[in-house]
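Okay, structure first, notes after.
The values are calculated or read from the model by the stated rules, or taken from the named source; none is laboratory data. Everything numeric here is computed off the predicted structure, so don't read it as measured data. Cβ placement follows ideal geometry from the backbone for every residue including glycine, while neighbour counts extend to all protein chains displayed.
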Amino acid sequence: MGKKVVILGGGVAGMSAAHELCERGFQVSVYELKETQGGKARSMDVPDSAKGGRKPLPGEHGFRFFPRFYKHLPDTMARIPFPGNPKGVFNNLVEATRGEMARYGKKPIVLVTRFPKNPADIEAIIREIFGGSDTGLTDDDLGFFAGRLWVLVSSCYERRLTEYEKISWWDFIGAEGRSAAYQQLLAIGLTRTLVAAKAQEASARTGGDILLQLIFDMTTPGISADRLLNAPTDNAWLDPWLAYLEEKGVNYQLNASVEEIKCDGHIITGAIIKQDGKKTEVKGDYFISALPIEVMSKFITPEIIKADPSLQTLPLLAPSVSWMNGIQFYLKKNISIVEGHTIYIDTPWALTSVSQRQFWPSVRFDDLGDGTVEGVLSVDISDWYTPGTLFTKLFTGKYKSASECTRKEIQEEVWHQLKKSLNFETEILGDDMLHSWFLDTDIVIPDADRPHPTVNLEPLLVNKANTWKLRPEAVTAIPNLLLASDYVRTYTDLATMEGANEAARRAVNAILIKSGSKEKPCGLWNLHEPELLAPWRYHDQKRFVKGLPWDGGAYGIWGYVSRFITWLLRMLKKFLDLFRKKPNA
């Protein structure tokens, strides 16, 4: 019998670690706080929504997003059996072909999220270029932003980590001195896709690297840069995953709260688990903490710091979290909006959404709820502290932020912001379409007779500038403690399911070494950047080692290429402006 591993936390990181370990012959026990598996990735039944023997409506913590550059998570998903799928639940991923930026009182900006595959893709690109979406960006804005992207892509990795990690995306792209459109679209709008990040706070290194990955994904032939599941998350992924883990012998415990991690100043001696009102101490050869940062930081005791002084940075990292939670609108009429995700650029609460039914071909909607729901608009709220536009605070007259609203007020404010963004020239979203709604249960709002601040039970780590130094490796100085969560240092470098899966793999690989196992280590993949750009990165690396600043424009032919691209962008902008002014164009 293999060594025993105790995994604290049963979200994507915990389940990923359990998956890799059980396939390599280890005894595995997982302890998950919630009543269902998957942590923040889970979907859930809407309480009291099932009528007439039908199934409950599907709710979720927030919608799922599987970019093309993900490598670790898809590899795991391909090894989760699913009936009729030769590649397991990986085959439950479907492509989104478009993305949209919806705006107040303006035509939406529609983007093709994959390299053109057919005439419709080419037509959509041409329509967006020549259709006059009125971005407000000047030719100087476009040239300047292109220049900042070149700085990023031609910089060596060491410079990005040493210099760009310490500044915000806002500062890196020079947003302060640019136009309002530049700030809204290229600074604020782009970072809204990065898990509740704010342009003024997000690390330029993290934001820039991920943006480059998305650009490379969209401009390289192959699958789309954006994929979603073909059914609610539990049905398409997490239920089959848990079934597979339990079939392989994993002891997965639900409603199990971690109360204490015991350390004698050298090793972890056990963990106290509370389940059904009873506390028990669990022991193992190795312990993997797959707990989120705000939870794990509370377990950093003097004994743990004595065993590994570097872990004292975790309480300093813990405040680097924000809120990103979902609200679902169930509609009497199905609307698609766009075949992919929508970013609502002007919304004060930083909304993003996806219209789900178009991606759920096998889901029978007449068998859900009361049988009259025709569509699901799943929305994420990423800014809970900026004032809204509908509800005011008592006596002050100031508008309420989401964190200050009741559940009903949150629903009405979000619905209002959606309508204001989508209903340009024609009504896409109307009040008569709304059947019902569901707000993530992680948002705990006070009762009128028991006032207290609204609480988010599962906030999300945000990669803020200059926080890499606070983040630990998966391997600690404590011989039997490993870390597997989205705050761990990874190639992915973003608090995502992919980052959690990669961290879990790093923890498992360490256990393989420590235990003397002969099993094959888990695969790890760095972010991919085209080899065509390697000469410029190498050139910059030589300058970096000498303490010299970036100077990509001084390397060979690029000085001429750079000026030509800037000139080309400006000429294209002028041509489009003239084209749009022509009658009957």
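Just one of the numbered conditions (1) in contact with a Lys or Arg (Cβ under 8 Å, 6 or more places away or on another chain); (2) farther than 21 Å from residue 104 by Cα; (3) surrounded by fewer than 19 Cβ atoms within 10 Å (Cβ to Cβ); (4) at pLDDT 95 or above is not true of residue 392: (4). Which pairs have Cβ atoms under 9 Å, sit 6 or more apart or on different chains, and link a residue in segment 256-281 that is polar (S, T, N, Q) to one that is loosely packed, with under 14 Cβ neighbours inside 10 Å and in a loop (DSSP other than H, G, I, E, B)? Cβ pairs passing all conditions: 269/283; 275/255. Looking only at residues in segment 13-36 that are buried (at least 24 other Cβ atoms within 10 Å of the Cβ) and in contact with a Gly (Cβ under 6 Å, 6 or more places away or on another chain), which one is farthest from residue 252 (Cα to Cα)? Filtering segment 13-36 for residues that are buried (at least 24 other Cβ atoms within 10 Å of the Cβ) and in contact with a Gly (Cβ under 6 Å, 6 or more places away or on another chain), the one farthest from residue 252 (Cα to Cα) comes out as 26. Return yes or no: is residue 304 more than 24 Å from the chain's Cα centre (by Cα) and either closer than 21 Å to residue 474 by Cβ or polar (S, T, N, Q) (or both)? Answer is yes for this residue. Is it true that residue 503 is assigned to a helix (DSSP H, G or I), small (Gly, Ala, Ser) and not assigned by TED's automatic domain parsing to the domain that holds residue 17? So residue 503 does not fit the description; no.
Restricting segment 268-279 to residues that are of a type outside the set (S, T, N, Q) and surrounded by 14 or more Cβ atoms within 10 Å (Cβ to Cβ), the residue that is farthest from residue 482 (Cα to Cα) is 274. Within segment 506-539, restricting attention to residues that are outside the structural domain of residue 19 (by TED's automatic domain parsing) and acidic (Asp, Glu), the residue that is surrounded by the most Cβ atoms within 10 Å (Cβ to Cβ) is 529. Taking residue 483, is it at pLDDT 95 or above, under 21 Å from the mean Cα position of the chain (by Cα) and in the same structural domain as residue 291 (by TED's automatic domain parsing)? Against the criterion (at pLDDT 95 or above, under 21 Å from the mean Cα position of the chain (by Cα) and in the same structural domain as residue 291 (by TED's automatic domain parsing)), residue 483 qualifies.
For segment 395-445, a residue qualifies if it is part of a strand (DSSP E or B), over 27 Å from the mean Cα position of the chain (by Cα) and surrounded by fewer than 17 Cβ atoms within 10 Å (Cβ to Cβ), and exactly one does: 434.
Residues that are modelled with pLDDT of 95 or more, under 21 Å from residue 231 (Cβ atoms) and in contact with a helix residue (DSSP H, G or I) (Cβ under 8 Å, 6 or more places away or on another chain) number at least 3 in the following strands (runs of 3 or more DSSP E) confined to segment 299-387: 325-331, 375-381.
Results for (1) out of contact with any helix residue (DSSP H, G or I) (no Cβ under 9 Å at 6 or more places or on another chain); (2) assigned to a helix (DSSP H, G or I); (3) modelled with pLDDT of 95 or more, shown as yes or no for each residue.
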| position | (1), (2), (3) |
| --- | --- |
| 521 | no, no, yes |
| 525 | no, no, yes |
| 532 | yes, yes, no |
| 539 | no, yes, no |
| 561 | yes, yes, no |
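The residues of segment 79-94 that are over 21 Å from residue 18 (Cα atoms) and either assigned to a loop (DSSP other than H, G, I, E, B) or touching a residue at least 60 places away in the same chain (Cβ under 8 Å) (or both), listed by number, are 83, 84, 86, 92, 93, 94. Sub-6 Å Cβ pairs linking a first residue in segment 218-229 that is without any contact (Cβ under 8 Å) to a residue 60 or more places away in the chain to a second residue that is assigned to a loop (DSSP other than H, G, I, E, B) and surrounded by 23 or more Cβ atoms within 10 Å (Cβ to Cβ), at least 6 apart or interchain, number zero.
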